[in-house]
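Below is one structure, written out as C-alpha cells; the observations come after it.
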Amino acid sequence: MSMIEKIKNKAKENKKRIVLPEGDEPRTVKAAVDINKEGLAIPILLGDEEKIKKVASEQGVDISGIELVNPLKSDKAEKYADSLYQLRKAKGVTEEDAKKLVEDPMYYGIMMVKLEDADGLVSGAVHTTGDMLRPALQLIKTKPGMKVVSSSFLMDCPNKTLGEDGLLVYSDCVVMPCPTAEELAHIAVSTAETAKTLCGIKEPRVALLSFSTKGSAKHELVSKVQEATALAHQLAPDLLLDGEMQFDAALIPEIGASKAPGSPVAGRANVLIFPDLQAGNIGYKITQRIGGAECFAVLQGLAKPCNDLSRGCSVEDIVNTVAMTAVQAQ
C-alpha cells in the first residue's frame, strides 16, 4: 500500500470538515465530489451557490449532499466579522474593515477554521500561497511554542531501503527562504511531528543537512546548522536528531558509520532538514524528477491545519491534499 493510500485510510477513520474557499473553481468542485464519494472528509464549498451548481453541471458532476456556503449571505458572517475585529483591532482593523474582509471566501474560510466550524482549509488552485498564509497567520496563528510556519514534503521513493521503507520527509522546501538557526530548529521539531502524526513514522530520525559532516568543513553556514542542531535538542530533548550532516551521510549506512560514527541518525535518517529554501526546493525536485519519488506537500506550524496547492494542481492533487489536511486535523 502506498503512503497516500495509508493517509486516505486514516482520514476515513475520523472524517473532518474541510473548507474549500475556491468553491466555484472547476477542479475544486470535481475534487469535492470525489472526496465526498470516497468518504475522506466532509467538504464545504464556499461561493455563490448558483454559480457552484452551474460549474458542477458543466463538469458533469452531482454535488447533492455537499455543503455550499455563500459568505455574502451567511447567517454567521456577523459573528465572524466581530471575532475578526476583536482579533485584529490592535492592528488597526475597524469593524467596517472586518465586515468587508469576511465577505472574501478566503477570510471567511479561515474564520470557519478559527472558530471550529471547520477542521481545516485547502486552497491554491486559484490563490497564491501568500493569499492563504497571510490571513492564516493573522487569525489562526502558529502553534503554542512554535515560531515559524514551514512546509514538509513527503517523498515516497521507489528505493525502499531509504528512510522509512522508502518514505523520506523533507523540510523546508517552500516557505522560509533563509531561516535563522532558531527557525531551523523549530522547523526540525515541526517536521518530526509531521512525520509522526501524518506519515505514521513511530520513530522520526532527523538529520540537519549541510555540506559538512561533524565539522569536516569550517564555514559560517556550517556553524548555523550546528547551532540549529543544539537548539533543536533543547526544544525536543527526546527526539532522535543529529547534525550537521551531508546528504549521503544521513541516508547511506556505511557512509554514515564512516563520517559520523556513533550518531543515532547517520545512515538511517527518515527526516531531512535542508539549511535553506534553495537547497530544499532543488533537493525535492531532484528526488522527484530523477529519483522517481511521488511527492506530497503540507504546511506545518499553524495552530490549525491549512494547506496550499499549486495553481497547476490536478483534481487528484486536491483530493490528496484534503486527505492529508484531514489527518493533520485528527
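The values are calculated or read from the model by the stated rules, or taken from the named source; none is laboratory data. None of the values given here were measured: they were computed from a predicted structure. Note that each Cβ is placed from the backbone with ideal geometry, even for glycine, and that neighbours are counted across all protein chains shown. For the accessible areas, the whole protein counts, side chains as well, though only heavy atoms, and no ligand, DNA or RNA atoms are used. Shrake-Rupley method; radii C 1.70, N 1.55, O 1.52, S 1.80 Å.
In the P(r) worked out for the stretch 246-288, what percent of Cα pairs fall beyond 15 Å? If you can, show how the numbers build up before the last one.
Values: 400 of 903 pairs.
Tail of the P(r) past 15 Å holds 44 percent of the pairs.
Using a 1.4 Å probe on the protein chains only, how many percent of the accessible area of the stretch 260-330 belongs to carbon and sulfur? List each step's numbers first, then the result.
Details: 1340 of 2750 Å².
With neighbouring chains kept in place, the figure for the stretch 260-330 is 49 percent.
Just round it to a whole percent: the fraction of Cα-Cα distances in the stretch 1-109 exceeding 18 Å. Walk me through the intermediate numbers first.
Details: 3296 of 5886 pairs.
More than 18 Å apart: 56 percent of the Cα pairs in the stretch 1-109.
Output the pairs from 30/196; 91/143; 30/79 with a Cα-Cα distance over 23 Å in this structure; if there are none, say none. Provide the component values of the computation, followed by the final result.
Values: 30/196 31 Å; 91/143 20 Å; 30/79 30 Å.
The answer is 30/196; 30/79.
Can you list the residues, at least 5 places off or on another chain, whose amide H is less than 5 Å from the amide H of residue 47, using H built in the peptide plane?
69, 70
Over the stretch 180-330, what portion of Cα pair distances is larger than 28 Å, expressed as a whole percent?
21 percent
Nothing charged except the Cβ atoms of Lys and Arg (+1) and of Asp and Glu (-1): what's the magnitude of the dipole of the stretch 135-269 about its Cα centre? Round to the nearest 20 debye. Provide the component values of the computation, followed by the final result.
Working: 12 positive and 15 negative charges, 26 e Å.
For the stretch 135-269, the charge dipole is close to 120 debye.
Using only the alpha-carbon atoms of the stretch 99-162 as identical scatterers, what base-10 log of I(q)/I(0) does the Debye formula give at q = 0.16, 0.21, 0.23, 0.24 Å⁻¹?
One equal scatterer on each Cα of the stretch 99-162 leads to -0.64, -0.92, -1.04, -1.11.
Once amide H atoms are built 1.01 Å from N in the peptide plane, which residues 5 or more positions from residue 243, or in another chain, come under 5 Å H to H?
208
Using a 1.4 angstrom probe and counting only protein chains, how large is the accessible area of residue 116 in Å², to 10?
Only protein atoms counted, so the area is about 140 Å².
Rounded to the nearest 10 Å², what accessible area does residue 17 have for a 1.4 Å probe in the complete protein model?
Residue 17 exposes around 70 Å² with every protein chain in place.
Would you report the distance distribution of C-alpha pairs in the stretch 114-260 as whole percents per 10 angstrom bin, up to the bin with the largest distance?
Using 10 Å bins, I get a P(r) of 10, 36, 35, 15, 4, 0 for the stretch 114-260.
Please report the antiparallel percentage of the DSSP beta bridges confined to the chain, to the nearest 5. Don't jump to the answer; show the numbers that get you there.
On the way: 13 of 36 bridges.
Taking every DSSP beta bridge within the chain, about 35 percent pair in antiparallel fashion.
Work out the charge dipole of the stretch 87-226 with +1 on the Cβ of Lys and Arg and -1 on the Cβ of Asp and Glu about the Cα centre, then indicate which of 154, 184, 194 is farthest towards its positive end.
The Cα lying farthest towards the positive end belongs to 184.
With +1 on the Cβ of every Lys and Arg and -1 on the Cβ of every Asp and Glu, and nothing else charged, how large is the dipole of the chain about its Cα centre, in debye rounded to the nearest 20?
It works out to roughly 400 debye.
Give me the Debye-computed log₁₀ of I(q)/I(0) at q = 0.22, 0.24, 0.26 Å⁻¹ for the stretch 208-278, equal point scatterers on Cα only, no solvent, two decimals.
At q = 0.22, 0.24, 0.26 Å⁻¹ the computed log10 ratios are -0.91, -1.07, -1.22.
Indicate the gyration tensor shape class of the stretch 166-246 (rounded, prolate or oblate), computed on the Cα atoms with a ≥ b ≥ c the square roots of the eigenvalues: a/c under 1.5 is rounded; otherwise a/b larger than b/c is prolate and the rest oblate.
Numbers: a/c = 1.68, a/b = 1.58, b/c = 1.07.
It is prolate, given that a/c is not under 1.5 and a/b is the larger ratio.
What percent of all Cα-Cα pairs in the stretch 82-201 falls into each 10 Å bin, going from 0 up to the bin containing the maximum distance?
Spelled out bin by bin, the stretch 82-201 gives 12, 34, 32, 17, 4, 1 percent.
Rounded to whole Å, give me the distance from the Cα center of the stretch 209-229 to that of the stretch 42-84.
One Cα centre to the other: 50 Å.
So the label point goes 7 Å from the Cα of residue 116 along Cα→C-beta, right? Which residues of the stretch 292-319 then have their backbone N under 12 Å from it?
Within reach of a label on residue 116: no residues.
Just the number please: accessible area per residue for the chain, 1.4 Å probe, all protein chains included, in Å². Walk me through the numbers before you get to the answer.
Values: 14630 Å² over 330 residues.
Normalised by residue count, the accessible surface of the chain is 44 Å².
What whole-number distance in Å separates the alpha-carbon centres of the stretch 123-163 and the stretch 257-327?
The distance from the Cα centre of the stretch 123-163 to that of the stretch 257-327 comes to 10 Å.
Normalised radius of gyration for the chain, please: alpha carbon Rg relative to 2.2 N^0.38 Å, two decimal places. Kindly include the intermediate steps, with their values, before the conclusion.
Working: Rg = 20.8 Å, N = 330, 2.2 N^0.38 = 19.9 Å.
Its radius of gyration relative to the 2.2 N^0.38 Å reference: 1.04.
Express in Å², to the nearest 10, the accessible area of residue 170 obtained by rolling a 1.4 Å probe over the protein heavy atoms while all chains stay in place.
It works out to around 0 Å².
Dipole of the stretch 241-330, Cα-centred, from +1 at each Lys and Arg C-beta and -1 at each Asp and Glu C-beta, to the nearest 20 debye? Kindly include the intermediate steps, with their values, before the conclusion.
On the way: 6 positive and 9 negative charges, 21 e Å.
Once rounded to the nearest 20, the dipole reads 100 debye.
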